[in-house]
1. In nanometres, what is the gap between the two model label sites at residue 59 and residue 93, each 7 Å from Cα along Cα-to-Cβ?
2. Label residue 150 and residue 82 with points 7 Å out from Cα along Cα→Cβ: what is the distance between them in nm?
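Quick note: the coordinates plus some simple rules give every number you see, no bench work behind them. In this text the structure is predicted, and so the values were computed from the model without any measurement. Note that we place each Cβ from the backbone using ideal geometry, even for glycine, and neighbour counts take in every protein chain shown.
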């Protein structure tokens, strides 16, 4: 009986230790290799050349809504939610953002965990995105909360 009790205790201790390690690991993010997109790549915060503050409001707008960026520039976007609703900023091509908005309207589950080109910002709070614009062109940013994109909550980034 004592042997059984010892074995059960050891098994339980091992399980608790594993669970604690798993719980501790959940909060630990591994640095993912940046992925090149048509509109740039996640930026290195130590190489930020400029900070641009964007206000997001419940009248479904960004201020400013049109940005000019130099090719190769790394920008820190500071996103200030001035409204009472949650807003987000997502960088992409206009077509990609329109497709993403359509999926959001349909309520399709989407994994937005730690996407470098996206930031959700609660009312009255700030968020940020650091992005390197290493592709020339005109790109977009938008709030893809259902109904916000459709209401015109989008802007443009021109990279030259």
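1. Once both label points are built, they end up 3.3 nm from each other.
2. Between residue 150 and residue 82, the label points sit 2.6 nm apart.
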